[in-house]
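Before any comments, here is the structure.
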Amino acid sequence: MDCQIEKNKARCPCTYEPCSRKGKCCECILYHKEYGELPACLFPPEVEKSYDRSIGRFVKTFAVKVKESEQE
Ligand code: SF4
């Protein structure tokens, strides 16, 4: 399987510029994993732009979203 870097770059929602890992999802995931974080594409845009990529922020974000969806 060929590397899909150009396709990945086109759909990468990360707003952090510049980043040499953009489009290289394998490097992106490893980099954030080392810091106990997750990649930008797993966060909704309003959280992504805070650059807080911690697992704690991810859990809090989706705990709120789950609660909201249960109340609908
Ligand atoms: S999520 Fe992190 S590693 Fe991935 S492209 Fe954005 S800044 Fe770079």
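Any read-out appearing in this document is the output of simple, stated calculations on the displayed coordinates, not a laboratory observation. Note that the coordinates shown come from a computational prediction; the quantities given were computed from them, not determined experimentally. Don't worry about glycine lacking a Cβ; one is built from the backbone with ideal geometry, like all the others, and counts go over all protein chains shown.
Laid out as a table, the results:
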read-out	value
Rounded tilt (10° steps) of 55-71 against the dominant C-alpha axis of the chain	50 degrees
Region 6-16 - phi-based ³J(HN,Hα) in whole Hz, Karplus 6.51/-1.76/1.60, Gly and Pro as x	5, 5, 4, 4, 5, 10, 6, x, 5, 9, 7
Whole-Hz ³J(HN,Hα) from phi, Karplus 6.51 cos²θ - 1.76 cosθ + 1.60, for region 47-54, glycine and proline x	8, 3, 6, 7, 6, 7, 9, 5
In nm, spacing of pseudo-spin labels at Y31 and I55 (7 Å Cα→C-beta vector)	2.0 nm
Crossing angle, helix 25-34 versus the chain [Cα axis fit, 0-90 degrees, rounded to tens]	60 degrees
The chain, Rg to Rh (Cα coordinates; Rh as Kirkwood inverse mean 1/r)	1.04
Set of lysines near K7 by C-alpha distance (under 24 Å), chain-local residues within fewer than 8 positions excluded	K22, K24, K33, K49
